[in-house]
Structure formats: structure tokens, C-alpha cells
Amino acid sequence: MHITRQASKYILFLAIILFFSNSFAGGMINSASKNDKEDEILAADVLKLTSDSMSLRQMQTRKYEISDQGKVIQSAVGLLQDDGFIVEEINSDLGVILGSKNREAVESGQVAGAIIVAIIFGVSVPVDKEQKMNASIVVSQAPSDPTSSIVRVTFSRLVWNTANELSKAERLEDPEIYQIFFSKISKSLFLTEQQI
Amino acid sequence: MKKFTRISIAATILLLLSLQGCVKDSKQALFQTGDASAVELRSFQSRVFDTTDRLKTLKTVIATLQDLGFVIAKADNDVGVVSGSKYANRHSALMTVTVRDKNETQLFVRASVQQHLKAVEDAAIYQDFFIALEKAMFLKAHQVD
């Protein structure tokens, strides 16, 4: 009986450790390294072009063989609406579109971590609760090619935690996000073309 | 008891001293400026370009801001204003750039940046922006006389 109790305690302890190391530590390390990356920008370098500025530009830009920029803007707005964005700002002469959406930002890893910290240390840690996601799209004529249009998009987000503090203000720079966006805009351009 | 009073007096003095950095009325921030004079500020923030193509200049400003990692929040070509924000956690910045005609051959570009709840008054930061803009414009940015 005694041994069983001790064993069950041991297993529980092991389970907590595993849970902790998997979701909490994993989540925390991920977000910590991400934050470090963002914080690499020194305050004074905020307007400095960096070595990765050009690769980011490539990732965020595509050229479409359409001369009518109005049509591209319409497609981009259609796509933003498809994805639940609200259009906050638009200027067709300058080809500028800003879309945003407010969504939940609760992540299982963080919550699990907060629960464990609460159990062990008896303190409550704020976790991410809400986020505002922005999509900034700029449509322009391709340089030295009036038959094509250039689309550049940048995604970013602000995250608030359960203490209503701004916990993150970051640019989203995962290549996959941009690949998905551009494959969608190709489809959206097709839809606009077809007047569906 | 006596000791306790003395400690509490010392604590109160310390607390009051620590409040010295605080402002009496935070509404004063409305017209508060930093250390730079208005003339100095304008000289950091402004440049003149030898072009009259305002729309193209605005588009180049937008492209430059994007290169610098800004989200374009507002743009108006009638007035010639572009605003954006760069999200970089605690070093996030907000920026407005205005473009207007200076004379028959030149345009006037002025940038203003806010970071860490303050107007940026560091000439080097504005210089970084104009270096990037110059490259994108293929034109030299002249200092305003």
C-alpha cells in the first residue's frame, strides 16, 4: 500500500515534469527566443536598414501581370474580408490598405505553464489573452514595367495579457504566412477577374 | 516607538524624494517639448529633394517605411501624409512623414518619430531614415537652409 502510494506520487511528479518540459518550457523558450530576436533591434536602430531588410522585402513582395492596380486593390480587400479582417484605412492613389482583426491569443503552452507556476509557487502569472493582428498591403506599379503590379504585404500583431498589459508588439516574419497570403491573393485575383 | 517614528519619517522623505521626477500635472504633456528647440528639431527632421513628383515621392516614402519594417497605418496624397508604426516590443515606434512643395523645383519632406512615449530628438535616427529614403529616391537629400 505504502509503495503504491509512493509510486503514484512519483508518477504524478514525473507527469508534471514532463508536462512542464514539453508545453511550458517549449512554449516559453520559443516565445523567449522570439522576443530576443525582436529585441535585437536597439532603440537607436529603429530607422536603420538591416542586412535582412532586402530578404524580408523579397519574402513580402510578389509581382502580378495585371496593369490595373484598382483591380489588385479590390482583390486584396476581398481577401482581407475572406480572412475576417476589417479594413481600417485605404488610399487607392497610393495603393495603401490596412486591415486588422481582434482575436483570442490564448496559447495552451502558456496556460499550462501558468497553472503549474500557480500550483508550485502559489502566484498567478498573466497569460496572453487578446491580440490585434494587422495586415498592411501596398499595391504599386512594377518599376519599368507598366503591365505589372507589385504587391507587398506586412503582417504584425499586438498581444494583451490577462492583466491587460501589452505583452507583445511584433512583426510577423514567418515565410509560411507570406506564402499562404500570396497563394490566396492569386486565387482572389482570379475570382475578381471572373466577377464571382 | 521613537525608533519607529524616525524610520517612518525617513521613509516618507525617501518616498517624497522619489516622486521628484514625476510631473505635477500629466496634462502638461500636451504642449511639452523635449530638449531640442523647434528650429533644431526641424533641421533634424526635414530634407529637401530636387523633384516635383509628389505622388512618386509619397510612394517611395511608403516603400522605404516598409523596408524599415513599418506597417502603413494612414496615407493621404492630397495633403501628402504617411503614418505608420513599427512593432518591436519595447522599442516600437510611430512615425509620420509629410511631403509638400517647397518651390517650383523642390519638395520638402519632414519626418517625426515617437518612441518610448517620447518624441525622438536624436538627429542620427532621422539621418538613418533619410539615408534609406535617398537610396530609394535615387536623389540626394539636401539639408534645409
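In region B:66-99, what residues are under 14 Å from the mean Cα position of the chain (by Cα), open to solvent by less than 30 Å² (accessible area, probe 1.4 Å) and either under 22 Å from A:G95 (Cβ atoms) or more than 10 Å from every other protein chain (Cβ to nearest Cβ) (or both)? Scanning region B:66-99 gives B:F70, B:V82, B:S83, B:G84, B:S85, B:K86, B:M95, B:V97.
When region A:125-165 is limited to residues that are β-branched (V, I, T) and under 14 Å from A:K63 (Cβ atoms), the one that is most open to solvent (accessible area, probe 1.4 Å) turns out to be A:T147. Condition check: within 25 Å of A:A169 (Cβ to Cβ), in contact with a Ser or Thr (Cβ under 9 Å, 6 or more places away or on another chain) and touching a residue at least 12 places away in the same chain (Cβ under 8 Å). Does A:D128 satisfy that? In short, yes. Would you say B:F44 is crowded, with 17+ Cβ neighbours inside 10 Å, of a type in the set (F, W, Y) and within 13 Å of chain A (Cβ to nearest Cβ)? Here the answer is yes, as B:F44 does meet what is asked. Screening region B:100-122 for residues that are of a type in the set (A, V, I, L, M, F, W, C) and crowded, with 21+ Cβ neighbours inside 10 Å and picking the one that is nearest to A:R157 (Cα to Cα) gives B:V113.
For region B:54-65, a residue qualifies if it is touching a Leu at 6+ places or on another chain (Cβ under 8 Å) and either within 14 Å of A:E89 (Cβ to Cβ) or open to solvent by 30 Å² or more (accessible area, probe 1.4 Å) (or both), and the qualifying residues are B:R54, B:L55, B:K59, B:I62.
Looking at region B:11-34, can you tell me whether even one residue there is more than 10 Å from chain A (Cβ to nearest Cβ) and in contact (Cβ under 8 Å) with a residue 40 or more places away in the chain? The answer is yes; a qualifying residue exists.
Take the conditions (1) free of Cβ contacts under 8 Å to residues at least 24 places away in the same chain; (2) small (G, A, S); (3) touching a Gly at 6+ places or on another chain (Cβ under 6 Å); A:G109 misses just one of them, which is (1).
Every condition in (1) without any contact (Cβ under 8 Å) to a residue 12 or more places away in the chain; (2) more than 8 Å from every other protein chain (Cβ to nearest Cβ) is met by B:Q114 except one, and the failing one is (1). Of the strands (runs of 3 or more DSSP E) lying entirely inside region A:93-196, those carrying at least 1 residues that are of a type in the set (F, W, Y) and within 22 Å of the chain's Cα centre (by Cα) are A:145-161.
Given the criteria polar (S, T, N, Q), surrounded by 14 or more Cβ atoms within 10 Å (Cβ to Cβ), outside any helix (DSSP H, G or I) and more than 10 Å from chain B (Cβ to nearest Cβ), does A:S67 qualify? Don't jump to the end; show me each part of the working.
Values: polar (S, T, N, Q): yes; surrounded by 14 or more Cβ atoms within 10 Å (Cβ to Cβ): yes; outside any helix (DSSP H, G or I): yes; more than 10 Å from chain B (Cβ to nearest Cβ): yes.
Yes, satisfied.
The values are calculated or read from the model by the stated rules, or taken from the named source; none is laboratory data. Since the structure is predicted, the reported quantities are computational estimates derived from the model, not experimental observations. We place every Cβ from the backbone using ideal geometry, glycine too, and count neighbours over all the protein chains shown. The area values use the complete protein model at the heavy-atom level, side chains included, leaving out ligands, DNA and RNA. Shrake-Rupley method; radii C 1.70, N 1.55, O 1.52, S 1.80 Å.
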